[in-house]
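Participant: Just dropping this structure here.
The values are calculated or read from the model by the stated rules, or taken from the named source; none is laboratory data. All values derive from a computational prediction rather than experimental measurement. Every residue, glycine among them, receives a Cβ derived from its backbone with ideal geometry; neighbour counts consider all protein chains shown. Surface accessibility is based on the protein's heavy atoms, side chains included, excluding ligands, DNA and RNA. Shrake-Rupley method; radii C 1.70, N 1.55, O 1.52, S 1.80 Å.
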Amino acid sequence: MKRSLLAVTAAVFTLPLAALVPRCAGAAVQPFPAGFRVVEAKTADATIHLRIGGKGPAVLMLHGFGDTGDMWQPLAVRLMRNHTVIVPDLRGMGLSSHPDGGYEKKAQAKELAGVLDNLSIGPVALVTHDIGNMVGYAFAAQYRPRTTRWVAMDAPLPGIGEIWDAQFRNPKTWHFNFRGPDVERLVAGRERILLDRFYNELSANPAAIDESTRQHYAELYALPHAIHDAFEQFAAFAQDGTDNRAFLAEGKLKMPVLAVGADHSYGSVEADDLRLVADDVSGAIIVNSGHWIMEEQPAQAVEAIAAFLDRK
């Protein structure tokens, strides 16, 4: 799906970014550092909400389901010392707009490339988690010379190998096919219950995801059309698998890749999965963590990611 970027508008604010979030979202997640600016990037059919700050080689951070770009705040604090940090909310999620379609990861990667073009940002390193991994692979595969490095955290890639097939059959991922008008009626007003299921079952220690964090994301996912669009991210997996197999047929990725797995989640399997699509893969294990690495063990994650990005 081809997209053209129509416009990018930016403003620099003296207030912390948390003040820009609708009041319902509260202050559950720490604000981005002073000096970050908010950009509302207008694409053909959407507005992508981004935070941009720091100076140096660019790093694009992509979140997954159950989070928004807010999850990256601890890493942004560290990396802004020597990197330009770009943190979008994916289309249909967080404070980005909620178009009806375009949730194939190939299309989202093209959209983000157009946003970067209009911001005059060239090569980027990728840091991704969950659904962000899927958008990240589509970006790296389509823009190979532009992608300098890739950190992928704790999720497999649709349509690639036995790891994905096994995950698709895992009872814990019943939500991959949990969608439709009646499902949305069931969830409406109960977004917190749905998200608690993910936080509780897919973490090593549910208490690590505190009340304020849960409420923050529940209120963002309760915004109009937000749950529908989140489910559309899952609905696109079949097409994503087809696209990923086509990307792989063009050859494996050559840039350095760090596969980060949590010891109570994907662990070393994350690196095994990434080696199916990339030649230069190293692994890192985050201990005492489930899937929600940036909430459960942010210090470990920041250390591993920063060391990889700064490696000569």
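Participant: Carbon-plus-sulfur fraction of the accessible area of the chain, 1.4 Å probe, in percent?
Facilitator: Heavy-atom surface of the chain belonging to carbon and sulfur, 1.4 Å probe: 55 percent.
Participant: Could you rank the peptides 63-73, 96-106, 80-90 by their average count of other C-beta atoms within 10 Å per residue, with the highest value first? Show your work: numbers first, answer last.
Facilitator: On the way: 63-73: 25.1, 96-106: 20.0, 80-90: 21.9.
Put in order of decreasing packing, that is 63-73, 80-90, 96-106.
Participant: What does the accessible area per residue of the chain come to in Å², with a 1.4 Å probe and no ligands, DNA or RNA counted?
Facilitator: Working: 12410 Å² over 312 residues.
Heavy-atom SASA per residue in the chain reads 40 Å².
Participant: For segment 79-218, rounded, prolate or oblate, judged on the Cα gyration tensor with a ≥ b ≥ c (square roots of eigenvalues), a/c < 1.5 rounded, else prolate if a/b > b/c?
Facilitator: Details: a/c = 1.60, a/b = 1.48, b/c = 1.08.
In terms of gyration-tensor shape, prolate.
Participant: Here is the link list: 42/254; 252/312; 42/312; 42/105; 106/252; 106/312. Which ones come out longer than 27 Å on Cα distance? Write down the numbers at each step before the final one.
Facilitator: On the way: 42/254 32 Å; 252/312 22 Å; 42/312 36 Å; 42/105 18 Å; 106/252 16 Å; 106/312 30 Å.
Result: 42/254; 42/312; 106/312 exceed 27 Å.
Participant: Please work out the Cα center distance from segment 250-294 to segment 38-84, rounded to the nearest Å.
Facilitator: Answer, in whole Å: 21.
Participant: Taking a ≥ b ≥ c as the square roots of the eigenvalues of the Cα gyration tensor of segment 207-306, is the shape rounded (a/c under 1.5), prolate (a/b larger than b/c) or oblate? Don't jump to the answer; show the numbers that get you there.
Facilitator: Details: a/c = 2.73, a/b = 1.20, b/c = 2.28.
Oblate, because a/c is 1.5 or more while a/b does not exceed b/c.
Participant: Which order do the peptides 299-310, 51-62 take when ranked by the mean count of other beta-carbon atoms within 10 Å per residue, highest first? Walk me through the numbers before you get to the answer.
Facilitator: On the way: 299-310: 17.8, 51-62: 21.4.
Going from most to least packed, we get 51-62, 299-310.
Participant: Is the C-alpha gyration tensor of the chain telling us rounded, prolate or oblate? Criteria: a/c under 1.5 is rounded; beyond that, a/b larger than b/c is prolate, otherwise oblate. Write out the running numbers ahead of the final one.
Facilitator: On the way: a/c = 1.15, a/b = 1.02, b/c = 1.13.
It is rounded, given that a/c, with a ≥ b ≥ c, falls under 1.5.
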